[in-house]
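Okay, structure first, notes after.
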Amino acid sequence: MTLDFSKFKKINEGKTKIIYENPADPKSVFMQFKDDITAGDGVKHDIIQGKALVDWQTNKDIFEYLNRCGLQTHYISSPAEKVSLVKKLDQKINLEVVSRRVATGSILHWGNAVEGTRYETPITQFHYKDDPLHDPLLDQKYIEFIIAKKNGWQYKKMVDLNVQVFLHLERAFAQFKVQLVDMKLEYGIIDGDVYLIDEISGGSFRLWPYAKDNPNLQQANVLTELDPQGRLDKDTYRMGEGLDKVISKFAIIANITKNFKDLKI
Ligand SMILES: Nc1ncnc2c1ncn2[C@@H]1O[C@H](COP(=O)(O)OP(=O)(O)OP(=O)(O)O)[C@@H](O)[C@H]1O
Ligand SMILES: [Mg+2]
């Protein structure tokens, strides 16, 4: 199927996707992937030919898997290359919700965490979405206060859904000897409830291959069991590798996720 978006109304354009109205249904929208890649909250920016197609494929495979797992997502279908159909947001939640199984990245700078520390239950962190402020982390005590005292059911739901999504995807990637290290997701309100929205692709998570055939991933620190140098995710881009290398890594992710359709739930 090809969709002629020149006839559709553009609702929104972000760094990596364009949102178009669906003339046939006011409750859904089309999400078209772009070849743009950004880092540092948009400070670093490039175009990589073919990235939209690879990200679209990864996003499709992951969301179809999550829907099969019974998790509440906005994803409906992928009717054309580089295009997904999703339930339209009623209300945006201006947060990025991070889950972490293995300590690395920003948590090392401010949290006194040692790289490779394994969190027995994945930890959840909320960041306020604001590029110029570099998405500041919200205080954990404040989140707990909102959940306990202010009927913050949306926060509670986001934490629960975030952990569920993490565990399902961690198990899926484990089949291919890759560790889901951490992940950043977005949520919104649809029909009065909290839904996982936006995209999940190479820029959404850290993925480190196993360093050995039978790694011991239950121990307190798992760094020696994993191969951060072989990373498959957007850190490749953040660290200044060439764009060819970046797209080749993203293609490896898409080659893995295309098998998710065969996984037992
Ligand atoms: N189900 C949905 N309905 C409507 N809009 C959506 C839906 N899912 C995602 N969007 C919006 O699509 C827009 C474009 O996405 P994109 O990721 O390109 O934005 P961005 O530049 O990264 O900005 P942001 O920092 O808000 O993600 C975002 O504003 C996002 O909130
Ligand atoms: Mg985005």
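How many of the residues in the range 1-26 are under 16 Å from PRO79 (Cβ atoms), near ligand 1 (Cβ under 10 Å from one of its atoms) and basic (Lys, Arg)?
So the answer is 1.
What residue, among those in the range 196-214 that are in contact with a strand residue (DSSP E or B) (Cβ under 7 Å, 6 or more places away or on another chain), open to solvent by 10 Å² or more (accessible area, probe 1.4 Å) and more than 16 Å from ligand 2 (Cβ to nearest atom), is nearest to GLY40 (Cα to Cα)?
So the residue we want is ARG206.
Under 7 Å between Cβ atoms, at least 6 apart or on separate chains: pull out the pairs that start in the range 175-200 with a residue that is touching a residue at least 60 places away in the same chain (Cβ under 8 Å) and closer than 10 Å to ASP90 by Cα and end on any residue that is assigned to a strand (DSSP E or B) and within 11 Å of ligand 2 (Cβ to nearest atom).
What qualifies is GLY188/ILE197.
Please verify whether the range 165-176 includes one or more residues that are within 16 Å of ligand 1 (Cβ to nearest atom) and either in the same structural domain as ALA52 (by TED's automatic domain parsing) or closer than 18 Å to LEU71 by Cβ (or both).
Among the residues of the range 165-176, at least one is within 16 Å of ligand 1 (Cβ to nearest atom) and either in the same structural domain as ALA52 (by TED's automatic domain parsing) or closer than 18 Å to LEU71 by Cβ (or both), which makes the answer yes.
Would you list the strands (runs of 3 or more DSSP E) that sit entirely within the range 1-109 and hold 1 or more residues that are touching a Ser or Thr at 6+ places or on another chain (Cβ under 7 Å), open to solvent by 50 Å² or more (accessible area, probe 1.4 Å) and at pLDDT 95 or above? Reasoning before the result, please.
Values: elements: 10-13, 17-21, 28-33, 36-39, 44-47, 75-80, 83-87, 95-102.
It comes to 44-47, 75-80, 83-87.
Provide a single number: the residues in the range 21-56 that are among the hydroxyl-bearing types (Ser, Thr, Tyr) and more than 16 Å from ligand 2 (Cβ to nearest atom). Step through it out loud before you land on a result.
Filtering the range 21-56 for residues among the hydroxyl-bearing types (Ser, Thr, Tyr) gives 28, 38.
Checking the rest, the ones that are also more than 16 Å from ligand 2 (Cβ to nearest atom) come to 28.
Residues flagged as among the hydroxyl-bearing types (Ser, Thr, Tyr) and more than 16 Å from ligand 2 (Cβ to nearest atom) within the range 21-56 amount to 1.
The values are calculated or read from the model by the stated rules, or taken from the named source; none is laboratory data. Computed from a prediction, not measured in an experiment: that's the story for all the values here. With ideal geometry, Cβ positions are generated from the backbone for all residues, glycine too; neighbour counts draw on all protein chains shown. For accessibility, only protein heavy atoms count, side chains too; no ligands or nucleic acids. Shrake-Rupley method; radii C 1.70, N 1.55, O 1.52, S 1.80 Å.
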